[in-house]
Structure formats: structure tokens, C-alpha cells
Amino acid sequence: MVTRRRIFNKYLIAGVIAGAGVTFQTLTSNSFLSSTDSPFINGVVRSSRALFTITSTVIDYKFSLYGLNPHTDDYRLTLSELHLRSAKRILTMCEANKGIYIKAGQFVAAIRQVPKEYSTTLSSLQDHAIPFRFESIKHVLVSNLGLNCLSEFFFSFDEVPVAAASIAQVHHAVLVKDRQEVAVKVQYPGLEYQMKFDLVTMSLLSKLVGWIFLGYRFQWLVTEFEKSIASELDFIAEAKNLERIRENFKDNSMVRVPNVFWDFTTRQVMTMEFCRGRKVDDLEFLKERGISEVKVAKTLAEVFAEMIFVHGFPHGDLHPGNILVSPEGKNGFSLVLLDFGICKQLNEDFRLKYCELWEALVVKDSAKIQEIGEYFGVGKYSRYFPVIFTGRTIDSKSALGEGMSVEERNNLKQELKSLKMEDISSFMESLPTDFLTVLRTDGLLRSLTSKLGAPLRVRLLAYAEYALYGLSLKADSKSDSAIEVVLFRFKICLRYIQLRLLFGILGLVSWLENIKHTSTRRFKDFLASAGFVVRNLYRPLLTA
């Protein structure tokens, strides 16, 4: 009786909250909002809209799944429809609230551990950004660079932005000094105040969901997003990230990072070298220029593998607008990296363990994978590392890069049916924050290489190569003798050669299979053509 009363009270409170949200949204119509620029009122309206959306979504889940057996196909179909319906509802809310909510939607879309209905639906937010009027942008410029900055520092300044994102927009300009072309990134006005308001709302909503759904805990997601967005709003920190990555790749002719103009850079305005190029997933541009999509994907995988495994300082926002392809470069192209607001220094112990994990994943060392999983604090869930990163089960017999067999896929489906949302929440909460960073980066990279039509093997080989190179850096410890350093690096070199041979054999097998498939198809086509010719030759004789 007490349990039922508690459940009833939860739904009663949720219903009151939803009703309050509807009422407040009705009272705060667009006409009312247009009459005030109060950040507080706007914040309350956005919070009300978010509260209504999440509360109604929670109620939808509870009542739509009520009485259904979680182990039936009917339950799974209903759950998928619920995910899609809820994702569309949240997408509408993010588009209406704009700003930080757009960024939050992008953040969730990049995490592969959320249901695919959410990641697919919310991924449309990557290209959803409405620029501010120049009057508002000019106010930010003047407050940061001075009253006469537009005439004193800039020979020309295009009022129409060349790019717009969730927290800032970019304008093309030419400096008075040296007539240098620059890109001026300007933060949207009032964003820092909005951030504080919106993050409190998101935290409360995550707790509300966890209170009603005991197994659904999303506070880890809010915490990671809060860390991410706080760093993005400080353009001085972003400029320092940019310079660090520029230094890391100074000897790599395939990577270009713009230069920062510190005299015209503040917390809300960032001025950098203007770099031309097209989005990395612009396949028509690549085709027109004769640039191989697979080579672009290979370079992309190598660059970000080096960031993670060697530098321990990855770029965390790999959507296509932040990576351009320039037709300039010794190999016919180069990658231009932009937007360094989300960069993170990985813990050195984590970097080395992550290198070891990838070596174990490539050679299918299940015992080592389990050992590293214990180190990361995920225990039994470490058996899913191969599924997450390589698309194979931990006991898979299929070749690396070939995915799972039908039997393995069916077995995995049956195994996953026993997992509850509480298990997924526990898994994500147990992971170190650095792991969540590389998970997100890896998910974005996989999406890009897939769009470029590159086989899975391209990313796996890049990861294997740089993981071993990253491990070799462990030998730089002052406590190691010269002989120990040499021996360690010799072992790493041998392991790398073994991996290269493994991938070489896999590539040869794949090539032979393609040749066999192509030859069989051509032979069948030849027989069909020959049969057609023979029938036409003898048809007059047969009809005579």
C-alpha cells in the first residue's frame, strides 16, 4: 500500500510539474517574449519548456511501457517507438531554446551509448544554428575590443557571418596591419548567464528522471556536459588549446591549424588566421578535386589517433564543420582543424592503459581486456569493449574489421536483452571521465570515416599503430636504464611488426575475396551474354 502511494505521489507531482510547464508556456507566448529582453525571463521560459518536455517524456515512458514484459518483441518495438517519439520531442525543445540546449543536443548525439533513435534524431542539430543580428555581435566586439575597434583594427569586416554555431558565429575580416585575412569568432551575448541558468535546470531534470526511473541515472551526462561547455565559453582557453595542438602537429604537412592573433582575442572574441576549405564530408567537392575519400579518412584517423594515444590531448568536437579539407598539400590535400573549445588533457596513466586496451582489442587478448576493465572500474562490463570499439564480441571468431557473424550477432542480441537501463547507467558512471572523452571522440570519428566510405580496417590500423607508438613513450621514465629503454622499444617494434603483418594478411584475404566475387560475377555475366548471343543465332533456325 505504501509503495503504491509513493508511486501515485510521484506521478501526481510529475503531472503538476507538466501542467505548470504548459500553463507557463501559454502565458509566456512569443508575443510576450518579444516585448522583453530580460535574461531572467528568457531563462525561466527556457527552463519551463525543458521541464515540460522532460516531464511529459517521463510520463510517456512510464505509461506506454506499463504492463509490458521486457523480454517480449512487443516491449522492444514499443520502446523503440518511444525513443523516437521522445527524441523528436527533445529535438523540438532544443531548437526552441537554442544556445546551450543546441550544444547539449549535439553532445548527446555524439555519444554512441545512447539509443540510436536519440543519436540519429539529435544529430540534425550539428547543422542547426541561426546567426545573431550584427547589432548584437557588434555590441560584444565593442565591449571586448574597444569603442572604435571595427575601424581602428579592421580594414574590412563582413557583417554576414561565414559560419554560425550554437554558442558563437564567425565573421571574415581583414586587419588594417598587413592586410591579413582573419576569422573573428564572436560569442553570442548573454551566454554565460544563460549557461548558469540552463545547467541548473538540466541538473534538476536529470535528478527528476532518476527519482521517477530508479535505474535511469543521467547525472554523469550532465556533469560531463557542464565541464565541456564551461571550457568552450572561454576563448582564451580555446586559443591556448589551439596553440598547443598547432605545436603538436608543426611537423605534419597533412595538418593545418590557424594562427591566433592575441592582440584581438579575449574571453568572448577570438581572432585567428582565415583558412579556406570545404567540410570534410563534402563528397562532391572531394570528387571534383580528385581527392580520395578513403585517403582523407585514413589521414583523419591517423591525426586523431595521434592526439589520443601519443599527445594525450584530443580534440573533442569532431563534427564536419570543424574539419575542412583544403586542396593544398603535398599529397593533393590537407586537413584544416578548427574550434578547439573542447580539448582535454588525458591522465598519463589513463593514456597508457588505453594504449594497452587497444593492443589487446586488436590481438583479441580477452584476459588482458578483462584486466584493463577491472583497472577502469567497470568489471564484468569490460566484455563489451570489443563490441563498442571494434564491432566484434569478446569471443568473436571473425577477422578484425569484418564485423560479427550472423550467429555472433544473434547471441549478442540475446545477451543484451538481459541488460537493464540500470546496468547501462552503472557502466557509464563507473568509467573514468577520460574514458567518456575518448568514447565521444571515437564515436564522432567513426561517423566521419563511415561517411567517407572508408572500411573499418582503416581506423583500426591507425589506432593499433599509434597505440603501440604511445606505449613506447612509457620508456622515457627517468627510472629506466638505457638498456631497459632499448629493450622495451625493441619489444614494441616487434609487436608493431606483428600487427602490420596481421593487417596485411587480413587485407590480402579481403582482396582475394573481392577478386573472387568480381570474377564470379563477371563469369556469370559472360555466360548470360553468351547464352543470349547463341539464342539469337539459332532462333531463325528454330522458327523456320
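Would you say residue 369 is at pLDDT below 95, open to solvent by less than 20 Å² (accessible area, probe 1.4 Å), in contact with a helix residue (DSSP H, G or I) (Cβ under 9 Å, 6 or more places away or on another chain) and assigned to a helix (DSSP H, G or I)?
Answer is yes for this residue.
I'd like to check which helices (runs of 4 or more DSSP H) are fully inside the range 214-322 and have at least 3 residues that are touching a strand residue (DSSP E or B) at 6+ places or on another chain (Cβ under 7 Å) and buried (at least 18 other Cβ atoms within 10 Å of the Cβ).
235-248, 293-305
Hey, any hits in the range 170-186 for a residue that's in contact with a helix residue (DSSP H, G or I) (Cβ under 8 Å, 6 or more places away or on another chain) and modelled with pLDDT under 85?
Within the range 170-186, not a single residue is in contact with a helix residue (DSSP H, G or I) (Cβ under 8 Å, 6 or more places away or on another chain) and modelled with pLDDT under 85.
Looking only at the range 89-123, how many residues end up being among the small types (Gly, Ala, Ser) and open to solvent by 30 Å² or more (accessible area, probe 1.4 Å)?
The qualifying residues number 2.
Condition first: part of a helix (DSSP H, G or I) and farther than 19 Å from residue 261 by Cα. Can you find one or more residues in the range 152-163 that meet it?
No: the range 152-163 contains no residue that is part of a helix (DSSP H, G or I) and farther than 19 Å from residue 261 by Cα.
Give 56, 80, 64 a once-over and let me know the one that is in contact with a Ser or Thr (Cβ under 7 Å, 6 or more places away or on another chain) and under 26 Å from residue 125 (Cβ atoms).
Criteria check complete, one pass: 64.
So which pairs qualify, if the first residue must be in the range 460-473 and under 15 Å from residue 441 (Cα atoms), the second must be of a type in the set (Gly, Ala, Ser), the Cβ gap must be under 8 Å, and the two must be at least 6 apart or on different chains?
The qualifying pairs are 460/401; 462/301; 462/305; 463/301; 463/305.
So, residue 126, is that one open to solvent by less than 70 Å² (accessible area, probe 1.4 Å), closer than 21 Å to residue 338 by Cα and part of a strand (DSSP E or B) or not?
no
The values are calculated or read from the model by the stated rules, or taken from the named source; none is laboratory data. Owing to the predicted nature of the structure, the values given are computational and were not obtained by experimental measurement. In this analysis, Cβ positions are derived from the backbone assuming ideal geometry, glycine residues included, and neighbour counts consider all displayed protein chains. Heavy atoms of the whole protein, side chains included, go into the accessibility calculation; ligands, DNA and RNA do not. Shrake-Rupley method; radii C 1.70, N 1.55, O 1.52, S 1.80 Å.
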